[in-house]
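This report concerns only the one structure given below.
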Amino acid sequence: MTVRNLDAVFAPRSVTLVGASPREGSVGRIILANLRAGDFSGPVALVNPDYPEIDGLASVPTLAALPEPPDLVIVTAPAHALPRIVDEAGAAGARAVVVVTLSPQTGGEEFRKVLIEAARRHGVRLVGPGCLGVQSPHVRLNASAAEAAAPGELALISQSGGVMSSTVAWANTRSIGFSGLVSLGDTCDVDVDDLLDQFAIDRRTRAILLYLDEIGDAPRFMSAARAAARIKPVVVVKARRAHLLGQTDASIGRPLVDADIVCDAAFRRAGLLRVADLAELFEAAETLAHAPQLTGKRVAIVSNSAALGTLALARLRALGGEPAALAEKTHETLSKALPSEGFAANPVDLCGDAGGARYEAALDAVLEDPGVDAAIAIHAPSRISPAGACAVAVAAATTRARARRYPPKPVFAAFLAAESASRRALEGAHVAFFRTPEAAVQGLMHLVDHVEAQASLLATPPSAPENFAPDVARARAAIGPALRNGGGWLSPTDVAEALMAYGVPTLPQAVVETPEEAAEVATALSGPRGAVVKIVSPDILRRALVGGVRLALESPNAVLEAARGMLGRAAERMPEARIEGFLVQPHIRPDDGQELYLGVVDDPSFGPVVAFGAGGGAAALRRDVAAALPPLHMGLARELIDDTIAGRLLGGHDDRPPVDRDMVALVLVKIAQLAVDLAEIREIEINPLVATPRGAVAFDARIRVAPLSRARGAAGVNPRLAIRPYPKAYETELTLKDGATVAVRPIRPEDEPAVAGFFRHVAPDDLRQRFFTPVVEVPRAFIARLTQIDYARAFVLLAVDGDRVVGLAQLHADPDVETGEYAILLGDGEKGRGLGRGLMRALIDVARAEGLEAVTGEVLTENTAMLSLCRSLGFEVKPDPDDLSLRQVRLALDPPPCGTHGGGGPRSGGGGGA
């Protein structure tokens, strides 16, 4: 994951085309024509050994023959020559190569390997092969086979050349421009995550559009996506494929979670806005290109057709929008502006003869209403209501409202038969233009969804109802026997051990070898309704196939006969199955209980995925299931529950009382953590978990394990996770100069209230030195982002004395994962105790463990205490050449160890003293 040399792709000093051709219709000829038509300001050179001149431009036979080193090289030469050309490009000084040529049909993996090695040998960034090319409209660069895009504020990252060319063609008809466009092709080097990082920090990019066919490296994608979505909207379209997970011989019954549900969960967790198809992607582009940022979802509708207004209102409600309730003052203003047959409530009916003046007056009124967050102006074509005049009026009202209020309220227009002049008038006033009311509502709801996704990401998670402290060693011992046998399903005893180690309540049970032993233990284990007997076999995963579960057995003799019957049916139906014995449990069916399914499934891209839904014997038929990526906290677990019908029924229905919803959420948190801590776990199924008003108990559970195929990452991190979990390995303790001890640990989302309290007790001058400007109050949004960090990119350590935060230290790695910028802040009265030095040493230890090459920072020249601390720890201190009020500090670290690490983060100051 790196943005190194990507500036050579989007702002190259020069461009060289290898494979330029005079042949009409060839890719080399098309890209040359596009380069020249775009009027790129830098030098354009051609390389082709067969032609000394092409279309009036001189050509050289090799890259080595160029008079100056190339910056960006575009390749359309034959596939067999690609490794040599990439190698020669690097040797000639190129920093980036875009390979349009398709990979050869045979030897694909070996070809990729040779191509990647050629690029890495010279530190060259490689886009493609097999891509449509790249565009950077602001520098007039069209190095692609698509028509040129206009400059603007949208970036497009596409894994399809057809999607890129179609999007450009559509956008050019709508006056929508782009900051950059990339077709990725076979992604040998530059991938989606690199480009998300690039466009996230690009000041010309306001929003990012993303078309995905597949996700290669899920952890890198999630880290980059989460970082980008915190800064600007990211809209993704990915084809929906109902590929079911776990359809192997090792699966339990029919799986409940498909790959598309997992993608939804991943995009939601990252804060991305997923749309269904290209039509919705275009709607999102129209919205993001012209509409200002939304602050709420209360929408007013103004229309010259009551029917169209009603249809729009119905669509708004269906998509989760909120019709605005107009204030009494607004109602009075509208009543004066409308004819008697008009309607002065939402949706506002201007009547069929509405002209520009009526539209303008109505929009003025609703945009002034404090209960309105956005407005939709709808126009039905009519000779008595000219579209042109009405469009000009809507544009004028919008412009006037923008001048009066910041941030401005978005206005959307649905003009069903407007000519291009009307559309230009609207879009010129930053009014998003659509052809139907339904499309306008959909476009507006893209903004609403983005606002709600960001609010969800910044919500403070609730605390767990109990102190959750799993016994990891006990659970690891429980999975040991299965792993020593090469993996597979755990025995019932080991399943119970693993779950109990994580505090998941289970039924009492006994595992016995014979029907006679089952009858003997049944007396002690029988519940109010008798006993349950289940056959135990590693080869019988669906017990129903042999009648392997019997309920409500009220006597030992009934248990004996049931177990013998299972043996007989197994011998008849599955004679090769190994029978290990029987599981005996009490038969308990509380009248006020609800059966639920909780599980962990294995996704080939995203690794462990937590699932929740309706349980019981018909769970696979109901398919009422939602998914989330681990790790979870209580807030995420509650959201997962709420995404299902079964979860919403937990609040009580008909004559059933509400169950203990928080205990269900806590079990989800626990099994998610079990999968996080034990990377060998491939599948967990609890079906049913029976939830009652008094708690939740796992009635039946299975766990499957497999040996790890990859080494653990930095700090012992589970390598299969898409989201890096809380780095417990960095917890430590500091002994201060006065002999007192404080705990030092990474920050957690639920720390937000404590961190807010900490900032309130930091001296104002220390806050000024930390943020380089006077700070009256640290914003809540800043604290939320600080506590809900991506541990793959940043680390925040808290010094905690009891339940009080007394110090805070940050380390944000750059996108190239080479250096980390630090910041330290101490609570009022905490200086002079050695706390600052201890936190700095802890940060340096983290940086070294994460494989960073250096720790850097910027410190105010007047902050002599921090500068003295840095010098004593070996930092190099020098003046900032651009700002004499600052000092730059840098500590070189040992060479990074092997392992995984992350990077990226915002600029942060040196801190407020040691």
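Quick look at the values:
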item	result
Cα-Cα separations in the range 322-407 greater than 20 Å, expressed as whole percent	30 percent
Whichever aspartates and glutamates have a C-alpha closer than 18 Å to that of residue 409, once near sequence neighbours (fewer than 8 apart) are set aside	286, 322, 360, 364, 368, 369, 373, 427, 449, 452
Computed label-point distance, nm, for sites residue 890 and residue 876 using a 7 Å Cα→Cβ extension	0.5 nm
Per residue, in Å², the accessible surface of the chain once ligands and nucleic acids are set aside, probe 1.4 Å	40 Å²
From phi via Karplus (6.51, -1.76, 1.60), per-residue ³J(HN,Hα) for the range 226-232 in Hz, x at Gly/Pro	4, 5, 5, 5, 6, 9, 8
Spatial separation of Cα centroids for the range 828-853 and the range 536-608, in angstrom	54 Å
Among beta bridges that DSSP assigns inside the chain, antiparallel share in %, nearest 5	60 percent
Shape category assigned to the range 568-694 from the gyration tensor of Cα positions, a/c cut at 1.5	oblate
30 Å Cα-Cα reach of residue 728 towards lysines, excluding residues that sit fewer than 8 places from it in its own chain	670, 737, 831
Check: the range 512-556 dipole with +1 on Lys, Arg Cβ and -1 on Asp, Glu Cβ, in debye	340 debye
DSSP-defined antiparallel bridges as percent of all bridges, the range 366-506, nearest 5	10 percent
Proximal aspartates and glutamates to residue 878, defined as alpha-carbon separation beneath 12 angstrom and excluding residues fewer than eight positions away on the same chain	858
5 angstrom amide H check on residue 300, placed H, neighbours 5+ away	324, 373, 374, 375, 376
Whole-number Å³ per residue for the convex hull built on Cα positions in the range 686-780	257 Å³
Under 14 Å, Cβ to Cβ, from residue 223 - net charge with Lys/Arg +1 and Asp/Glu -1	-3
Shape category assigned to the range 763-868 from the gyration tensor of Cα positions, a/c cut at 1.5	rounded
Environment charge at residue 532 (Cβ cut-off 13 Å; Lys +1, Arg +1, Asp -1, Glu -1)	+3
14 Å beta-carbon shell around residue 290, net charge (K/R +1, D/E -1)	+2
Over 47 Å [Cα-Cα, the chain], rounded percent	38 percent
Volume of the Cα convex hull of the range 58-141, divided per residue and given in Å³	97 Å³
Between helix 472-484 and the chain: long-axis angle, C-alpha atoms, 0 to 90°, nearest 10	80 degrees
Interchain or long-range residues, amide H under 5 Å from residue 682's placed H	704, 705, 706
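The values are calculated or read from the model by the stated rules, or taken from the named source; none is laboratory data. Everything numeric in this text was worked out from a predicted model, so none of it was measured. With ideal geometry, Cβ positions are generated from the backbone for all residues, glycine too; neighbour counts draw on all protein chains shown. Quick note on the areas: whole protein, heavy atoms, side chains included, nothing else; ligands and nucleic acids left out. Shrake-Rupley method; radii C 1.70, N 1.55, O 1.52, S 1.80 Å.
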